[in-house]
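The values are calculated or read from the model by the stated rules, or taken from the named source; none is laboratory data. These figures come from a predicted structure and were not determined experimentally. Here the Cβ is made from the backbone with ideal geometry for all residues, glycine too, and neighbour counts use every protein chain on show. Surface accessibility is based on the protein's heavy atoms, side chains included, excluding ligands, DNA and RNA. Shrake-Rupley method; radii C 1.70, N 1.55, O 1.52, S 1.80 Å.
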Amino acid sequence: MSVEISISKLVQGLEPSATLAMSAKAKEIKSSGKTVYDLSVGEPDFITPQHICDAGTAAMKAGYTKYTIASGIPELKKAIAEKYKADYGLDYNTNQIVISNGAKHSIHNVFFTTIDPNDEVIIPAPYWVSYAEIVKLSGGIPVIVQTKESDNFKMSPAQLEQAITPKTKMLLLCSPSNPTGVMYSRLELEQIADVVIKKNIFVLADEIYDKLIYGDNKFVSFPTIRDGLQERTIVVNGVSKTYAMTGWRVGWTFSPVNVAKKMGELQSQETSNPCSISQYAALAAITGSQDCVTEMLNAFKQRRDYVAKRIAEIDGLSCPEMGGAFYAFFNIKKHLGKKIGNSTINNSEQFCLELLTQKQVATVMGSSFGCEGYVRASFAASIDVLKNAYDRIADFVS
Ligand code: PMP
Ligand code: GLU
């Protein structure tokens with residue numbers, strides 16, 4: 001008799017992370033000996049700066065290899081609080097900070113701690129692949145607000161107001177945005193904040209790209225926008241993008257004390273502390289010289305300009321100005337319905353799969369970000385890789 005362990009109803013409908021799935025596909029092709037130009041996953045190509053790695057080694061040697069307080073080491077919480085105070089003038093106590101296994105885990109903690117069954121969470125699309133899935137796992141309902149390329153993929157205050165119902169608990173804001181790189185201006189954030197306050201809802205502000213800002217754009221931390229907003233906002237941030245530390249898995253939240261207390265307790269039951277060694281490395285990242293951040297930012301700026309130029313030159317492709325983060329989200333609608341070999345490309349998934357198999361360029365389909373007709377390509381790659389990738393994309397679409 002064959003038996004099969006059944007899958008829980010909770011995770012049956014779960015969509016796997018498309019960014020990680022495309023990256024795994026690219027790695028699989030690479031391991032067969034082929035060159036792949038991988039623009040799929042959003043991950044700095046730089047190695048973690050040496051002084052941060054050294055701090056990790058020193059932590060191991062000093063015996064910081066044991067459990068820490070589940071919500072994170074006090075030194076790191078203090079350093080994070082001081083940095084947000086210095087950078088944005090925000091006051092947080094250490095009892096408002098929970099350090100987790102990456103910002104993705106922090107987002108999980110936020111929704112599992114604040115969302116009751118059928119609470120609605122407003123998510124402007126295109127959105128990062130994990131938001132809606134984590135909301136659903138927590139029992140909540142993602143309410144997607146579709147934005148348009150002609151509006152630079154930004155949600156207007158009127159769109160927000162229209163999406164709010166008596167069940168709305170929270171708005172998720174990500175600026176600069178993954179996947180579009182678009183940033184809300186201070187004025188636009190003020191208008192959104194006014195709706196948030198008027199309608200008495202809460203905000204999860206994903207500020208993970210706060211240090212990757214280009215041109216004249218200025219990052220504004222959401223709770224600073226209006227008085228009283230700090231009590232209604234939970235901020236998420238982490239070391240993955242700013243310090244090229246994706247594999248170390250350290251992220252955190254700033255929240256009201258009651259939420260932080262419960263998130264710490266949740267974490268104490270689910271994962272215990274984030275990796276002790278990584279926490280000491282993150283401490284070195286935050287308290288050490290920030291020259292490495294400037295150097296990486298300068299490289300990203302150059303790549304952004306290069307990619308913007310290449311996209312503008314390719315027939316039919318277009319994308320909004322990338323004010324921050326390291327993604328281009330380009331329109332491929334003109335190329336849908338075309339044939340390549342025996343296959344017709346009808347959607348962004350087919351576009352990405354054919355581009356990968358025929359030209360060895362890995363990207364991620366817009367449909368996974370809630371926006372069909374677009375493709376996301378990371379520019380956290382060397383100019384050489386980008387040149388080869390865009391030569392091939394140009395060739396592919398022609
Ligand atoms: N938020 C956004 C918008 C992201 O792009 C990412 C990238 N993975 C995360 C959160 C999570 O980052 P991590 O878990 O690596 O800290
Ligand atoms: N945030 C990155 C991305 O969007 C990393 C992958 C992930 O965590 O999904 O590609």
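Brief remarks follow.
- Count of residues meeting criterion [closer than 21 Å to Val121 by Cα, away from ligand 1 (no atom under 14 Å from the Cβ) and small (Gly, Ala, Ser)] in region 171-216: 1
- Among the helices (runs of 4 or more DSSP H) confined to region 69-175, the ones with at least 1 residues that are polar (S, T, N, Q) are located at 103-114, 130-137, 157-163.
- Region 46-58 - residue that is in contact (Cβ under 8 Å) with a residue 12 or more places away in the chain and open to solvent by 70 Å² or more (accessible area, probe 1.4 Å) and, of those, farthest from Gly366 (Cα to Cα): Asp54
- Screening Ile197 against (1) under 19 Å from Asp151 (Cα atoms); (2) open to solvent by 50 Å² or more (accessible area, probe 1.4 Å) leaves a single unmet condition, (1).
- Within the option set Val121, Val98, being among the hydrophobic types (A, V, I, L, M, F, W, C), within 16 Å of ligand 1 (Cβ to nearest atom), under 17 Å from Glu265 (Cα atoms) and touching a strand residue (DSSP E or B) at 6+ places or on another chain (Cβ under 9 Å) holds for one residue only, Val98.
- Every residue from region 321-365 that is open to solvent by 10 Å² or more (accessible area, probe 1.4 Å) and within 27 Å of Ile213 (Cβ to Cβ): Glu321, Asn331, Met365
- Conditions (1) away from ligand 2 (no atom under 13 Å from the Cβ); (2) in contact with a helix residue (DSSP H, G or I) (Cβ under 8 Å, 6 or more places away or on another chain); (3) in a loop (DSSP other than H, G, I, E, B): number failed by Lys262: (3)
- Put simply, of Lys78, Lys61, Lys34, Lys66 the only residue that is within 27 Å of the chain's Cα centre (by Cα) and more than 16 Å from ligand 1 (Cβ to nearest atom) is Lys78.
- Identity of the residue in region 366-398, within 14 Å of Ile311 (Cβ to Cβ) and β-branched (Val, Ile, Thr), that ends up surrounded by the most Cβ atoms within 10 Å (Cβ to Cβ): Val375
- When restricted to residues that are exposed (fewer than 14 other Cβ atoms within 10 Å of the Cβ) and among the β-branched types (Val, Ile, Thr), region 11-36 contains 2.
- Complete set of residues in region 211-248 that are part of a helix (DSSP H, G or I) and more than 16 Å from ligand 2 (Cβ to nearest atom): Phe222, Pro223, Thr224, Gln230, Glu231, Arg232
- Whenever a residue of region 100-126 is farther than 28 Å from Ala158 by Cα and away from ligand 2 (no atom under 16 Å from the Cβ), its partners that are of a type in the set (D, E, K, R) and open to solvent by 10 Å² or more (accessible area, probe 1.4 Å), lying with C-beta atoms within less than 6 angstrom and at least six residues away or across chains, give the pairs Thr113/Lys262.
- In the set (1) under 30 Å from Asp216 (Cβ atoms); (2) in contact with a His (Cβ under 9 Å, 6 or more places away or on another chain), Ala284 fails one condition alone, (1).
- Scanning region 200-217 for residues that are open to solvent by 50 Å² or more (accessible area, probe 1.4 Å) and under 16 Å from Glu231 (Cα atoms) yields Asn200, Phe202.
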